Amino acid sequence: MAEVIIKDVRKVFDGDVVAVTDMNLTVEDREFVVLVGPSGCGKSTLLRMVAGLEDVTEGEIFIDGRLVNDVPPKDRDIAMVFQNYALYPHMSVYENMAFGLRLRKYPKEEIDERVRDAADILGIEKLLDRRPKALSGGQRQRVAVGRAIVRKPRVFLFDEPLSNLDAKLRVQMRTEISKLHERLSATMIYVTHDQVEAMTMGTRIMVMKDGLSQQVADPLAIYHEPVNQFVAGFIGSPAMNFIEGTLKRDSGSVSFESQELSAGLPDSVARRIPEGFSADVVLGIRPEDIYEADQAARLESAASIRAHVDVVEPMGNEIFLYVTLGGSDIVARIDVRTPPVVNSDIDLAVDLTSVHLFDRGTGASLLFGDRS
Ligand code: ATP
């Protein structure tokens, strides 16, 4: 397997569409890195440059120490699995998986061994004689993955491979690809716009926006220590709540003040705020860090709020509560058996030890910096 180094890479289409810029990323040998971001952020373009399907406008890409900018895709020792699996309809599953090896003139016995090994890993041994049209979406996706495995590539590249599957199959294939990563000890780069896939599959995640990397870190660091408001809002479902306000420092203590919520911040938060901080901030609070008021006593530092209940979504194990607080819409994930009544007022407690603070101008976190 192999390390992939992306160095100062930039991609410009048609002279003026900047798809990727200032891109630096080292994917270690056997690592599973997920590129995640909204539509159009440049993640597919970056992956396609690693694959050799797009030229690099500026910068360098190395695979296993070799500069590959001018190496054609077939000589890069990578395999790519796409969203549309593009199986050959007139060929059997076996033939589809064997095709690439035949083109490369592998001996028949070796092709047979590799196809059967891959089929065994993916649990599709019984489907080898079928045509793609006789397969379910999930089975087709497995064949597409099988076609990549038989090549025994140095690097696997996945471009939204699960987005054509229904929700249940997506979850199943997600765990299968994670297991495959363990089993093959392979270097994998995986593109998705689905933050749940990113959180559950990646050993590291790169969050992208507008062609730029926003943060590269392991999933929990991305979730708990987002370096800016974009990352904080993109990762997590329901998304983090944001409230605009101002910070005031007064003889060592720091307070947040807004129409919705005013409170002194606990020392664990205040001491992370740099000297000379911007006073205009956005406070971020995750839905699970808001509680019913009677839980406040359990919290080390809490702010009470009174909100208006707009929508109640019982999820079984918890309730998503959509409330209005001053001028803001807020979501809370509450663990109660009796759902609050719609159109009533409710007292809630915000866990102040878990708040985030972002500069209102730049969006940068006042509490966490990118250590990647
Ligand atoms: P999605 O999730 O929708 O696939 P993405 O994050 O993968 O989005 P890219 O497909 O990499 O985004 O596109 C990044 C930017 O580059 C977009 O603005 C897109 O319109 C542009 N782009 C992509 N391919 C081309 C092309 N062949 N010619 C011109 N512009 C392109």
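Over the stretch 214-307, calculate the relative contact order: mean separation of alpha carbon pairs under 8 Å at least 6 apart, over the residue count, as a percent. It rounds to 24 percent for the stretch 214-307. Per residue, the accessible area of the chain comes to 47 Å², computed with a 1.4 Å probe over protein heavy atoms only. Subtracting the Cα-Cα distance of Lys179 and Asp120 from their residue separation scaled by 0.36 nm leaves 19.9 nm. For the stretch 12-31 and the stretch 342-362, what is the separation of their C-alpha centers, rounded to whole Å? One Cα centre to the other: 36 Å.
Relative to the current alpha-carbon distance between Lys248 and Val336, full extension at 0.36 nm per residue lengthens the span by 28.2 nm. Highest mean packing first, where packing is the average number of other Cβ atoms within 10 Å per residue, the peptides 105-112, 342-349, 222-229, 260-267 line up as 222-229, 260-267, 342-349, 105-112.
Place a point 7 Å from Cα of Leu53 in the direction of its Cβ. Which residues in the stretch 171-199 have their backbone N less than 13 Å from it? Counting backbone N atoms under 13 Å from the label point, the list is 190-192. Ignoring aspartates and glutamates fewer than eight residues from Lys7 along the same chain, the ones with Cα atoms less than 13 angstrom from its Cα are Asp22, Glu58, Glu60.
Here the Karplus relation 6.51 cos²θ - 1.76 cosθ + 1.60, evaluated at θ = phi - 60°, turns the backbone of the stretch 246-257 into coupling constants of 10, 9, 10, 9, 9, 5, x, 9, 10, 10, 10, 10 Hz, with x for every Gly and Pro. Exposure check, 1.4 Å probe, all protein chains in place: Glu257 carries approximately 70 Å² of accessible surface. Here's how it looks for Ala302: its modeled amide H is under 5 Å from those of Leu352, which are all 5 or more places away or on a different chain. In summary, the aspartates and glutamates within cross-link reach of Lys133, defined as a Cα separation below 19 angstrom excluding same-chain residues under 8 places away, comprise Glu95, Glu125, Asp166. Projecting each Cα onto the charge dipole of the chain (Lys/Arg +1, Asp/Glu -1 at the beta carbon, about the Cα centre), which of Val342, Asn96, Ala144 comes out farthest on the positive side? Highest projection toward the positive end goes to Asn96. The distance between label points at Asp294 and Asn69 comes to 6.6 nm (points 7 Å beyond Cα on the Cα→Cβ vector). The apolar share of the surface of the stretch 4-117, taken as the fraction of accessible area on carbon and sulfur atoms (1.4 Å probe, ligands and nucleic acids excluded), comes to 47 percent. In plain terms, the chain from Ala86 to Asn317 could stretch by 79.2 nm, reckoned as 0.36 nm per residue minus the Cα-Cα distance.
What the Cβ-Cβ distance of Ala279 and Asn24 gives, at R0 = 41 Å and to the nearest 0.05, is a FRET efficiency of 0.80. In terms of distances greater than 18 angstrom between alpha carbons, the cross-link table entries Lys74/Lys179; Lys11/Lys209; Lys43/Lys168 yield Lys74/Lys179; Lys43/Lys168. Summary of the geometry: the stretch 247-280 and the stretch 132-198, compared by the centres of their Cα atoms, lie 45 Å apart. Counting only protein heavy atoms and using a 1.4 Å probe, the accessible area of Asp14 comes to about 140 Å². Structural descriptor for the chain: relative contact order 16 percent, calculated from alpha carbon pairs under 8 angstrom and at least 6 residues apart.
Close amide H contacts of Met208 (hydrogens built in the peptide plane, cut-off under 5 Å, sequence separation of 5 or more or a different chain): Val36, Gly37, Gln214. From the alpha carbon centroid of the stretch 288-333 to that of the stretch 36-86 is 44 Å. Surface calculation, 1.4 Å probe, protein heavy atoms: Glu58 sits at approximately 100 Å² accessible.
The label point for Lys108 and the one for Lys168, both projected 7 Å from the Cα toward the Cβ, are 4.2 nm apart. Here the sum of -39500 (n - 2.57) over DSSP H runs of 4 or more residues, divided by the residues of the chain, equals -7000 deg cm²/dmol at 222 nm, to the nearest 500.
The values are calculated or read from the model by the stated rules, or taken from the named source; none is laboratory data. Keep in mind that this is a model prediction, so the values were computed, not measured. With ideal geometry, Cβ positions are generated from the backbone for all residues, glycine too; neighbour counts draw on all protein chains shown. Each accessible area value is taken on the protein alone, full model and side chains, heavy atoms only, with ligands, DNA and RNA left out. Shrake-Rupley method; radii C 1.70, N 1.55, O 1.52, S 1.80 Å.
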